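Derivation of every value follows stated rules applied to the coordinates shown; laboratory data play no part. Model, not experiment: these values are computed from the prediction. Using ideal geometry, Cβ is built from the backbone for each residue, glycine included, and neighbour counts are taken over all protein chains shown.
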Amino acid sequence: MLRIVTFLLCWACAFAAHAGYAQLAPPPAFQSVGGVSTIPVGAAANGARYAGGHVIANASLNLGARAVTVPVGFRVAANAATFAVTKMNPWIAGLSLAASAIPFILDWFAGEDLEVTPLGKIQVPAKPGESIPAGSGDYWVLDGGQVVRISSIAKPSNCDSVAGYPACTTGQATGLQLACFNGVRSGCYASAPNPVSPGSPARPPSEADLAPLATKPINPRALVELGIPLPVDPNPIINPATEPVGDVVIGPNGNPAPQLEPSPIRYPDGDPVPIPNTNPQRYTQPWHEVVPSPTPSEPWRVDVRPVVTETTDPTPQPDPTPNPNPNPNPNPVADFYTDCDKYPGSLGCTPVGTPPTDGTIPTQTRMITQQQGPSFGGGGSCPANLFLNIHGQSIKALDMAQPCSWIVNYVKPVLLLLAAISAVFIVAPKSEG
């Protein structure tokens, strides 16, 4: 008995000294879509924000009867540029960029044959000497990059179309400047003194135009301003020891985000308790110490330990306050995911195979007969009687015929009737209401 009591006391002390492992609950906006872990920044639901190539958000942890918040960081994934290209289809279709995103997009486009109009549309600019596509009106791009509206007039006799673009010497009209063109449009055409543009003579970019951007470093702030969720590494950094600052360019040739280190965090486990016979008065403060302890299979695992410290302050300790969201009223994050992004294994997103060739379905004709069996009778047989051999004498110890006949004649019909009634209720259940 003494050994049992000693064991229980030791077990209780060990449990008090080590509370054990727990799992953090990820932020609500953290999700994996199509194998890519993403989290929107600035969403009021989870207070996520971008800083220094990381997304800082709040996970949750149950400590006893209360839930506490645990700051976590996610390193922006190196494929952010590729992810941005795949999610920019709405702007390819002609939507306007947010004004705050234009500087970041222009920096990303540097050196590429792309531009952003003052209205925030991404386009491939028209090149000098390139004709405007059909349907854009009667326009022409001069070698100097000017876009002019032209209309055919009679060709003067002294217009030399072979010499390039000389000024026509006859037939000039007031307010118009005549020029000779060769190539696609030969002859003399009139244009306004100030070249006019038909809105946007350029064409929208294609996937091929955007493909080079997938390997160019991108400032993750561009995705934030576009409202695109940031792709992040799936492993969280639990309570980062340092605060990331500044913008970091992410990509194969960019400046990668620094690797933050996790650190412990303490939450009060009650109010300070006075220590008797101390002068000045001292107090003990109990804590829950949450220590990051992730594993490859459990990246959200933490070790929760009870810790007691001494203090002279009798004021109850408040819970740690996570970093505030610098943008408490962000614009709603658009859903850039298609149903096939979210549910790639669904039937509607499954690639359609080649249908079988038309042919005759093979058939067989077989004769099937039915044999009538007994309703409540045999099909089986009763167990044999039990005999015992005592001193050479065979004695019937158990007569199985009588109980077997009870089962066959009385119990079996009742069971069959109950089974039939149950089948009826399964096939035609009783309607509710």
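Odds and ends about this structure:
- Rounded to the nearest 20, the size of the Cβ-charge dipole of region 223-285 about its Cα centre is 300 debye, with Lys and Arg at +1 and Asp and Glu at -1.
- Rg and Dmax of region 384-433, both derived from C-alpha coordinates alone, stand at 21.0, 72 Å.
- The packing ranking, built from the mean of other Cβ atoms within 10 Å per residue, places the peptides 28-37, 73-82, 358-367 in the order 73-82, 28-37, 358-367, highest first.
- Peptides 401-411, 387-397, ordered by how many other C-beta atoms sit within 10 Å of their residues on average, highest first, read 401-411, 387-397.
- Using 0.36 nm per residue and subtracting the Cα-Cα separation, the extra length available between S96 and T338 on full extension is 85.1 nm.
- Two-site label geometry, L417 and C349: point separation in nm, points 7 Å out along Cα→Cβ: 5.6 nm
- Taking θ as phi - 60° and the Karplus parameters 6.51, -1.76 and 1.60, the scalar couplings of region 268-273 work out to x, 10, x, 7, x, 10 Hz in sequence order, x denoting glycine and proline.
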